[in-house]
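A short write-up of the structure that comes next.
The values are calculated or read from the model by the stated rules, or taken from the named source; none is laboratory data. What you see is a predicted model, and the numbers here were worked out from it, not measured in a lab. Please note: Cβ atoms are built from the backbone with ideal geometry, for glycine as well, and neighbour counts cover all protein chains shown. Keep in mind that these areas ignore ligands, DNA and RNA; they rest on the heavy atoms of the full protein, side chains included. Shrake-Rupley method; radii C 1.70, N 1.55, O 1.52, S 1.80 Å.
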Amino acid sequence: MRLRGIPYGGVFVSNWKFKQIIKCFQPDVVHVHCINASMINVYSLLKYLANNQIKTVVTLHAEIYHTAGCEHAYDCEKYKTYCHHCELNQRKRTSWLFDRTKESWQKMYNAFNRFDSNNIIITAVSPWLADRARQSAILRTFKIEYVPNGVNTSIFYYRNNVGLIDRKTYKKIILFVTPFFNHEETDVKGGRFIPLMAEMLPDYLFVVVSSRTARRLRPMPVNVLLWGAVKNQEELAQLYSEADVTLLLSRRETFSMVTAESLCCGTPVVGFKAGGPESVAPKDFCHFVEFGDLSNMSKIIREVFATDKQVISNQCIATFSKESMAGHYLMTYRSLVS
């Protein structure tokens, strides 16, 4: 990929093996998720499924299928016509030597548009992402449905009186969950906003849960507790339950598992408008402001009053449970093969 500049191409051996498995198994439906780790030639796989009239479901977890490269297109709208001269894709994913954005887009367009419209359904993990796909030149002609990601609600549910965090004299506990905590401007998860928010709300305790933390962090305000990595999902669910508010500081999210998990644990979410989260989260339990508007965000956090966490948990478990997700997909499979 770094030499040819075509993401999701190559890997001929694994593609040949996968096609042999399909021939042997003869599935009624093949479900393709985001295969974006150079494991298989996506263009070749889609063409094979289309040419052999195999019923196919493609689930969008990111924007790669309608941009042919970028996980997030952000404010760029080239994907509505065709992608070309993409600085983001060139810098992060493709060739050291060539800009092959246009060729990548054309390969993805050709692969998808071999499908008979009766043989493929596109699903997206949020209404926002589904709308983006419907506007794209690659996917607009196909049926596109919203199917939310599923949460393991046997773990993520509301627990009362957990007591993991020492509240001390703080008015509220604000939880921030991220895979990697740092202060870089390029971090789409927005960790750099935590010390600023903590200074604006000195009487609130900010708890940062992160699988990894940058080695060199600026000194944190005294009301920031770096929890680090949780031992297991059970501990994470306990922290969600104990928090008064979960913060979402991302620039862009196509769904936000943090939002769904927090709500299933009964804790409201306050965050930036990031695309997916505000389109899936119940408006009664979540508040979203424009990206970077810390003043309005801090005001909302102060105004979020105690809500019946059990009510939030019950309602959101019904929406985001893995059983609900499986039911949606089962209906989608049946509609293809009926």
Rank HIS61, TYR240, ALA281 by how far each Cα sits towards the positive end of the charge dipole of the chain (+1 on Lys, Arg Cβ; -1 on Asp, Glu Cβ) and give me just the farthest. HIS61
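Would you compute, from DSSP H runs of 4+ residues alone, the mean residue ellipticity of the chain at 222 nm, taking -39500 (n - 2.57) per run and dividing by the full residue count, rounded to the nearest 500?
On the way: 13 runs with 124 residues, N = 338.
Value at 222 nm, helices only, nearest 500: -10500 deg cm²/dmol.
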Heads up, I need the accessible area for ILE35: 1.4 angstrom probe, whole protein in place, Å², nearest 10. 30
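Specify whether the C-alpha gyration tensor of segment 142-295 places it in the rounded, prolate or oblate class, a ≥ b ≥ c being the square roots of the eigenvalues: rounded for a/c under 1.5, otherwise prolate if a/b is larger than b/c and oblate if not. Don't skip to the answer; put the middle values down first.
Details: a/c = 1.57, a/b = 1.21, b/c = 1.30.
It is oblate, given that a/c is not under 1.5 and a/b is not larger than b/c.
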Amide H contacts of VAL32 (H built 1.01 Å from N, under 5 Å, at least 5 apart or other chain): VAL57, VAL58, THR59
Karplus couplings for segment 205-217 from phi (6.51 cos²θ - 1.76 cosθ + 1.60, θ = phi - 60°), rounded to Hz, Gly and Pro as x? 9, 9, 10, 9, 9, 8, 5, 9, 10, 4, 5, 10, 10
Can you tell me the dipole magnitude for segment 261-338 around its Cα centre, using point charges on the Cβ only (Lys, Arg +1; Asp, Glu -1), in Debye to the nearest 20? 120
At what distance in nm do the modelled label points of THR307 and SER14 sit from each other, each positioned 7 Å from its Cα along Cα→Cβ? 4.1
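Show me the trypsin sites (Lys or Arg not before Pro) within segment 229-269 that DSSP assigns to loop and that have at most 10 other Cβ atoms within 10 Å of their Cβ. Each step should come with its number before you reach the end.
Values: sites: LYS231, ARG251, ARG252; in loops: LYS231, ARG251, ARG252.
Within segment 229-269, the qualifying trypsin sites (Lys or Arg not before Pro) (loop, at most 10 other Cβ atoms within 10 Å) are LYS231.
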So what does ARG134 come to for accessible area, using a 1.4 Å probe and Å² rounded to 10? 110
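With a cut-off of at most 14 other beta carbons within 10 Å, and DSSP calling the residue loop, which GluC sites (Glu not before Pro) in segment 261-338 qualify? Please list them. Could you put the intermediate results ahead of the total?
On the way: sites: GLU261, GLU278, GLU290, GLU303, GLU323; in loops: GLU290.
Passing sites in segment 261-338 are GLU290.
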Considering only protein heavy atoms, with the full assembly of protein chains and a 1.4 angstrom probe, order ASP166, ASP28, ASP187 by accessible area, largest first. ASP28, ASP166, ASP187
Collect residues whose amide H, placed 1.01 Å from N in the peptide plane, falls under 5 Å from the amide H of VAL151; neighbours closer than 5 in sequence don't count. SER321, LYS322
With Rg and Dmax of the Cα atoms in Å as the read-out, I listed [x] 19.9, 64; [y] 19.9, 57; [z] 21.6, 65; which label goes with the value calculated from this structure? [z]
For VAL289, distant residues with modelled amide H under 5 Å away: GLY271, PHE272, LYS273
Förster radius 56 Å - calculated FRET efficiency between ASP203 and HIS328, Cβ distance, rounded to 0.05: 0.85
Derived scalar couplings ³J(HN,Hα) [segment 174-186; Karplus, 6.51 cos²θ - 1.76 cosθ + 1.60; whole Hz; x for Gly, Pro]: 10, 9, 10, 10, 8, x, 9, 9, 7, 10, 5, 5, 7
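Using a Förster radius of 56 Å, what is the FRET efficiency between SER335 and ASP166 based on their Cβ-Cβ separation? Nearest 0.05, please.
On the way: r = 52 Å, r/R0 = 0.93.
With R0 = 56 Å, the Cβ-Cβ based efficiency is 0.60.
Could you give the size of the charge dipole of the chain about its Cα centre, using +1 on the Cβ of each K and R and -1 on the Cβ of each D and E, expressed in debye and rounded to the nearest 20?
Details: 41 positive and 30 negative charges, 242 e Å.
The dipole magnitude comes to about 1160 debye.
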What's the center-to-center distance, using Cα atoms, between segment 275-292 and segment 38-76 in Å? 27
Do any chymotrypsin sites (Phe, Trp or Tyr not before Pro) in segment 270-312 lie in a loop, going by DSSP, with at most 15 other beta-carbon atoms within 10 Å of their beta carbon, and if so which? PHE291, PHE305
